[in-house]
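The values are calculated or read from the model by the stated rules, or taken from the named source; none is laboratory data. Everything quoted here is computed from the prediction, not taken from an experiment. Glycine gets a Cβ as well: all are built from the backbone with ideal geometry, and neighbour counts include every protein chain shown.
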Amino acid sequence: DVPKFVFSRTLESVGPNATLLHEVDPEQVRGLRDAASGDLAVGGANLLESFRQADLIDEYRIYVHPLILGRGSPFFRDAEERQRLRLLETRTFGNGVVMLRYETVRA
């Protein structure tokens, strides 16, 4: 089983093979990343923003769905400075979803 780390300020417990974390601690996340045998995946706009602000994201995989929503949570709501990205890959799936893979460009 792949270990799971659930970030939540409201949950008190999580299922098997999961560890509950209440706050994003950049040093702790770097330790998890260094110990991982593969990629770490982050889901959710609020968690993404916390990771982005702590400079914890090396690569973005953005999936664009052929659907227009009237509202929702913006991914980068608190971004005050530009973050340069370099396109690494695009992939189109049969259902019309397009995956855009970018790497973070650091100064």
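Among all positions in the stretch 91-102, there is at least one residue which is touching a residue at least 40 places away in the same chain (Cβ under 8 Å) and either part of a loop (DSSP other than H, G, I, E, B) or not hydrophobic (A, V, I, L, M, F, W, C) (or both). Is it the case that residue 33 is out of contact with any Pro (no Cβ under 7 Å at 6 or more places or on another chain), assigned by TED's automatic domain parsing to the domain that holds residue 21 and within 23 Å of residue 3 (Cβ to Cβ)? Here the answer is yes, as residue 33 does meet what is asked.
Selection within the stretch 1-59: residues that are hydrophobic (A, V, I, L, M, F, W, C) and touching a residue at least 40 places away in the same chain (Cβ under 8 Å). The member of this set that is nearest to residue 76 (Cα to Cα) is 47. The residues listed here are 7, 75; of these, the one that is surrounded by 11 or more Cβ atoms within 10 Å (Cβ to Cβ) and under 20 Å from residue 105 (Cα atoms) is 75. The strands (runs of 3 or more DSSP E) found wholly in the stretch 1-81 and carrying at least 2 residues that are at pLDDT 90 or above, of a type outside the set (Asp, Glu) and within 28 Å of residue 93 (Cα to Cα) occupy 59-64.
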